[in-house]
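Down below is the structure, laid out as structure tokens.
Quick note: the coordinates plus some simple rules give every number you see, no bench work behind them. Since the model is a prediction, treat every value here as computed from it, not as a measurement. Every residue, glycine as well, gets a Cβ built from its backbone with ideal geometry; the counts of neighbours run over all protein chains shown.
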Amino acid sequence: LCGSHGIARDLFIIGCHTGMRFSDYSKLSLKDVHDGVIHVITQKCKTPVDIPAHPRVIQILTKHGGTAPKISGQKFNAYIKDVCKEAGINESIIVRKSGKHIRCEKWELVSSHTARRTGLTNMYKAGIPTYRCMMISGHKTEQVFLTYLRITQEENAQYLKDNPFFKM
């Protein structure tokens, strides 16, 4: 991918590896990274957040001259849908919108916030404790944080099947 679609993909990857909001990950620069850790003050809550800098984040920032590539949130959301459609993320799903259940393809639902949810879900699934994920995300309560996680019933069952409780 090149041009605006490539920029959208690169920004999305940064979001997936940081769990940050678009307003924060779209302004990231190598100047925010010290000793392998990203240090920023979040735009929404004005709170300091420290996140280990994933090698892919460093690679993308370097590729774009040391800063996150620039694109508006509106254009990003349009382009990332195209990227996901082209990538074959076309599973048909049923979602609730405006009180009605509608069928759509997954790529149609992807937005800048999907990167944040994906990042936090992947951190949690990798075994990072909830409270440490919350220190990265800036969530104040576990109840709100858990609404961000996207774990299917099947994934939950696979995780739990080796628990001693289910071996008795």
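The ellipsoid equivalent to the alpha-carbon distribution of the chain has semi-axes of 27, 23, 15 angstrom, derived from the gyration tensor eigenvalues as √(5λ) and listed largest first. Coupling constants for region 90-103 follow from the phi torsions by the Karplus curve (6.51 cos²θ - 1.76 cosθ + 1.60, θ = phi - 60°), and in residue order they are 10, 4, 7, 9, 10, 10, 9, 9, 6, x, 10, 8, 10, 9 Hz; glycine and proline get x. Across region 1-130, C-alpha contacts under 8 Å between residues 6 or more apart give a mean separation that, scaled by the residue count, equals a relative contact order of 31 percent.
Given a Förster distance of 25 Å, report the FRET efficiency between Leu109 and Gln74 from their Cβ-Cβ distance, rounded to the nearest 0.05.
0.95
Partners of Lys85 within straight-line reach, counting aspartates and glutamates whose Cα lies under 15 Å from its Cα and excluding those fewer than 8 residues away in the same chain: Glu105, Glu108. A helix-only calculation puts the chain at -13500 deg cm²/dmol for mean residue ellipticity at 222 nm, using -39500 (n - 2.57) for each DSSP H run of at least four residues, averaged over all residues. With q set to 0.14, 0.23 Å⁻¹, the log10 of I(q)/I(0) for region 1-70, from the Debye formula over equal scatterers at the Cα positions, is -0.36, -0.97. Taking each of Lys31/Lys63; Lys125/Lys161; Lys46/Lys81; Lys27/Lys75 in turn, the alpha-carbon distance tops 19 angstrom for Lys46/Lys81. With just the Cα atoms defining each centre, how far is region 1-29 from region 114-154? Give it in Å. If you average the Cα positions of each part, the centres end up 19 Å apart.
Relative to the Cα centre, what is the charge dipole magnitude of region 80-168, using +1 at the beta carbon of each Lys and Arg, -1 at the beta carbon of each Asp and Glu, and rounding to the nearest 20 debye?
Working: 15 positive and 9 negative charges, 58 e Å.
Dipole about the Cα centre, nearest 20: 280 debye.
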